[in-house]
Every structure is written in C-alpha cells, then in structure tokens.
Amino acid sequence: MKTILVTGGAGYIGSLTTIELLIANYEVVVLDNLSNSSPEALRRVQNISGEELAFYKADLLDRPALESIFKAHKFDAVIHFAGLKAVGESVQEPVRYYHNNVTGSLTLFSVMAEYEVRNIVFSSSATVYGDPDSVPVNEEASLRPTNPYGWTKLMIEQILRDQHVADPDWNAILLRYFNPVGAHPSGELGESPRGAPNNLMPYLAQVAVGRRPNLQIYGNDYDTPDGTGVRDYIHVSDLAKGHLAALRRLKQGGGVEAFNLGTGRGYSVMEMVKAFEKASGKEIPYNVVARRSGDIATSFADPTKAHRDLNWEAEKGLDEMCVDLWRWQSKYPEGLQ
Ligand code: NAD
Ligand code: UD1
C-alpha cells in the first residue's frame, strides 16, 4: 500500500486523514469537487505535514474525469470520504443525496473495477444503526437508518458486500464513525461548516467565539442521566488514525468488514457544554427547546472489534477534543474561506 486515492480529501475528516497519511509516507492523490470545502485546506495539509500531494478538482459523477485520474496514477487503495452529509437536507432533497452519494460511489467503484483497484476504505456512519435496541452498539446490531442520508450509507455498504461476492479479490473496510469532533492540534485545520452548523460541537464553538448568541438544547426530557442526549464524541485525529489502521488491515485481504470507530464512552449535551466552557474559558448561553425530530436519546459505540482486529483505539479524551476545537475556532473564527 503506497499510493492512495482520497475522495473528499479537502473536507473535514478527509483533510485530517490526509495529514496522517502523508506523515506516514503514503503518496496521496486527492479528488474533491470542493462543494463543501476549500482548496485552502489542502494548502494547510501540506504545510502541516511538510509533504506534497496531488489534487484534482473533480466530481465523482464525472466518469471521464475519474478515468483520467486512474490513468495517471496506479492506486493501491481508495479511501472514500466524498459525499453529502447533512441529515435534514437529505430529507428535503433525497434525490440529490441518493444521486450524489450512491451514483457517485457506483461511478467510482466501476472505474476502480476497470483499473483493477480493489481495496477500499469507506466512510460509513453510526447512523446506519438508527435508534439502537441497546448500548453500547456493536457491529452486529440491526441496521435500520431513519433518513435518506443514512440509507445512502447502508446502500453503499451493501454494494461493496455484493461486489466482494462477485469478485472475491475486492476488499472493503466499512468504518462506522460515531461523532467526530475537534481539530488538528496545531489549530490550523478543523471543521468549517458552511452556514449554520447542524451538529452540536461546531455550534457550541461558534457560540463561544461570539458568532451566534446562544445554543439551543434540543430537549432535556430524554431517558438519560440529565435528560439531554448522549453521544460518543471522538477526536478527529483519532478517527484519522483509524483509516491508517484500516489500510494495514486491507493489506491482509479479508473481504468486507465493518468497524465502529468511537471511544465507547457517552457524554450528554450538558456535559459537552460544561467541558467546552472549561476549555474555552467562555460562558455558553443556552436555552432548552423542543426535541429535534429524528433524534435519539443515547448512542455510543462498542469499539472492541476495532481494538481487536485493527489494533486501533481512541486515545484522546474529552478535554483534548474541546481544547483543540477551541484553538482552531478562536484562531479562525470564520473558518476557512
Ligand atoms: P465534508 O463535507 O467536510 O467532506 C466531504 C467532502 O466531499 C467535501 O470536501 C466535499 O466537497 C466532497 N464531495 C461531496 N460530494 C462530492 C462529489 N460528488 N464529488 C467529489 N467530491 C465531493 O464531510 P466530513 O465531515 O469530512 O465527512 C466525510 C465523510 O464521512 C462523509 O462521507 C460523511 O458522510 C462521513 N461521516 C461524517 C460524519 C461527521 O459527523 N462529520 C459522521 C459519520 C460519517
Ligand atoms: C448527527 C446526525 C447523524 C450523524 C451524526 C454524526 C442528525 C439527526 N443526525 O447526529 O446522522 O451520523 O450527526 O455527525 O442530524 N444538539 C443540541 N443542539 C444543537 C445541536 C445538537 O442540543 O444545536 C444535541 C442533539 O440533540 C444530540 C447531540 O446534541 O443530542 C448531538 O447532536 P449532533 O452533533 O447533531 O449529532 P447526532 O445527533 O448524533
């Protein structure tokens, strides 16, 4: 495994993973249409790592563009991050989500097959579990997404399983991320949401930096210790390292395998507010509003399988997640332009 195609490599998780790949001496080619990211991210990736990468501004749906990239490079594996990820938007515009994520992935897989690239790491999500029957959630739990975004993830997982049946030389690692948060410890790169953030931590960070007046907590009447929702937040740098562990696993073959990437520990919204206040030294004004439709009370991972088979484990705790996020947010209040 030497040369890796990273789709969506200019995005939040893709750019942080590309740093780790470059530091580990992989050759990296990034494909991104920049629909939710900025080329500045890739400039920073190169600055931080001290290494160069190749970049193609291209859309997954553009088959001729993909072919010319596969013609120009001999890839050992693909890490496939590219996709649309806003749950609410996926409910409003399902066709756009299915087309971008599923058709885009099909186009990629068909070009991979044509060029005999048969190793892939796919960015799946804990959202494939829907509302789990019990926690912690392991990889054998029922798969029942509750929104179009989640369905695109499950469909792509299934396509890869079917492709392995048709051609056993295909290997795929499906990484089901829990809640990625934080930023690169340098403070130079992190999440840069366009418009109002949908997720808790970027929203909290924008309140702390003064871009938004207050946080709205979506319900405090859940069946949880303090009534607010509980999630498994994982530092994005730990998540990035999980992809290197997945590449090492792919080298051994193994067909299609799914892994939870989480810490195994859940924190409530109130605990996150307190932790972020401590990290930032800012008070976070909040008010409690109605539950957000589609939200669940509690979700956290059983990460035993990733520990056992990938030799990977999250190392960074809640304080580091908050301190790193605050370093990035306070240095670049408007994110990347
Ligand atoms: P992101 O939006 O920051 O990155 C995705 C990148 O893909 C963006 O740079 C975007 O421009 C690009 N892209 C989208 N559609 C494309 C297309 N058709 N062709 C080429 N490029 C395209 O998102 P992220 O948070 O870095 O997430 C990366 C992956 O991880 C996504 O697949 C997402 O669904 C998945 N995931 C994210 C989270 C999370 O909370 N961030 C959780 C679980 C899973
Ligand atoms: C969201 C996505 C999910 C995705 C996950 C990881 C939805 C419905 N689900 O889930 O598919 O896999 O992100 O990226 O969007 N909260 C507030 N106020 C806010 C924002 C959030 O109180 O302004 C609460 C939520 O109710 C929840 C917790 O904070 O209890 C975390 O929310 P969020 O960061 O959006 O993540 P998920 O709900 O886990």
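A short reminder: the numbers here are calculations on the coordinates, not readings from a lab. None of the values given here were measured: they were computed from a predicted structure. Reconstructed Cβ throughout: ideal geometry from the backbone, glycine too, with neighbour counts over all protein chains shown.
Observations
- Verdict on VAL288 being of a type outside the set (Lys, Arg), under 15 Å from GLY219 (Cβ atoms) and in a helix (DSSP H, G or I): no
- Positions within region 247-261 being more than 15 Å from ligand 1 (Cβ to nearest atom), of a type outside the set (D, E, K, R) and assigned to a strand (DSSP E or B), in sequence order: VAL256
- Only listed residue being in contact with a Gly (Cβ under 8 Å, 6 or more places away or on another chain) and more than 16 Å from ligand 2 (Cβ to nearest atom), chosen from GLY50, GLY104, GLY9: GLY104
- Any chance ALA275 is aliphatic (A, V, I, L, M) and either away from ligand 2 (no atom under 16 Å from the Cβ) or out of contact with any Pro (no Cβ under 8 Å at 6 or more places or on another chain) (or both): yes
- The set of residues in region 274-319 being out of contact with any Leu (no Cβ under 8 Å at 6 or more places or on another chain), under 17 Å from PRO202 (Cβ atoms) and away from ligand 1 (no atom under 16 Å from the Cβ) consists of GLU277, SER280, LYS282, LEU318.
- Single match in ARG231, ARG249, ARG327, ARG292 (criterion: under 20 Å from SER124 (Cβ atoms), of a type outside the set (A, V, I, L, M, F, W, C) and more than 18 Å from the chain's Cα centre (by Cα)): ARG249
- When GLY264 is tested against (1) more than 24 Å from GLY182 (Cβ to Cβ); (2) assigned to a loop (DSSP other than H, G, I, E, B), just one condition goes unmet, and that condition is (1).
- Region 289-312 residues that are among the hydrophobic types (A, V, I, L, M, F, W, C), paired with ones that are loosely packed, with under 15 Cβ neighbours inside 10 Å and assigned to a loop (DSSP other than H, G, I, E, B) (beta carbon under 6 Å, 6 or more apart): ILE296/ASP131; ALA297/ASP223
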